[in-house]
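J.: Once you've had a glance at the structure underneath, I'll fire off some questions.
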Amino acid sequence: MSIIVKFFVAPDDTSAGRALRAGPGQACESLSFGNFDPVEAVIEWERLLAGGSFEELVDAGELRVVAGRGNDGCVVFAISPRLSTALADARPSGLRDVAASWARLRAEDGEVIEPEIAEAIVADLAGLASSARRHAQGVYCWVA
């Protein structure tokens, strides 16, 4: 099954929620990827960058859906401020380490993400988080 993943910048949950039906569109700064589980990824990235266990982050509600339902169609969720800050503040070497660890974690679960692709995803998302911070906006993810 193919998954479309778009991380994007929006001023608030209401604006981000408008992306539910067709994606964030050209008006939003965004990144497009595919074929990985972004819900699991953002929790793993937060754990790797900012600490805490996977279960603690899930239990704390770090993944906040702003539009749609995760089980039957498109969904838009917010990236936690903690993850967004950690991404924006990370050094390139730290991002490379996170990407390598994430690729290993996915491989342990049978999901192949090439280390170079993992590094590009994490680095590009860090750049998007930095841009969002400069504009006092949030980072969101649209999944279809």
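The values are calculated or read from the model by the stated rules, or taken from the named source; none is laboratory data. These numbers were taken from a predicted model, which means no experiment stands behind them. When we count neighbours, we look across all protein chains shown, and the Cβ atoms used for this are built from the backbone with ideal geometry, even at glycine. For the accessible areas, the whole protein counts, side chains as well, though only heavy atoms, and no ligand, DNA or RNA atoms are used. Shrake-Rupley method; radii C 1.70, N 1.55, O 1.52, S 1.80 Å.
J.: Failed condition for residue 141, given (1) crowded, with 19+ Cβ neighbours inside 10 Å; (2) assigned to a helix (DSSP H, G or I); (3) in contact (Cβ under 8 Å) with a residue 24 or more places away in the chain, with all others met?
T.: (2)
J.: A follow-up question, please. Tell me whether the range 120-127 contains one or more residues that are farther than 23 Å from residue 29 by Cα and of a type in the set (Gly, Ala, Ser).
T.: The answer is no, given that none of the residues of the range 120-127 is farther than 23 Å from residue 29 by Cα and of a type in the set (Gly, Ala, Ser).
J.: Continuing with this model, one more query. When the range 1-18 is examined, which residues are found to be within 29 Å of residue 56 (Cβ to Cβ) and open to solvent by less than 40 Å² (accessible area, probe 1.4 Å)?
T.: Passing the criteria: 5, 7, 8, 9, 10, 16, 17.
J.: Out of everything in the range 46-68 that is at pLDDT 85 or above and farther than 27 Å from residue 115 by Cβ, what residue ends up being least open to solvent (accessible area, probe 1.4 Å)?
T.: Among those residues, the one meeting the criterion is 67.
J.: Shifting gears a bit: Of all residues in the range 69-92, which are small (Gly, Ala, Ser) and either modelled with pLDDT of 95 or more or within 10 Å of the chain's Cα centre (by Cα) (or both)?
T.: Within the range 69-92, 78, 80, 84, 86, 88, 90 meet the criteria.
J.: Give the range 98-132 a look and list any residue that's surrounded by 15 or more Cβ atoms within 10 Å (Cβ to Cβ) and part of a loop (DSSP other than H, G, I, E, B), or say none.
T.: 113
J.: Ok, one more. Could you please give the count of residues in the range 29-45 that are open to solvent by less than 40 Å² (accessible area, probe 1.4 Å) and of a type outside the set (A, V, I, L, M)?
T.: Adding up the residues that qualify gives 5.
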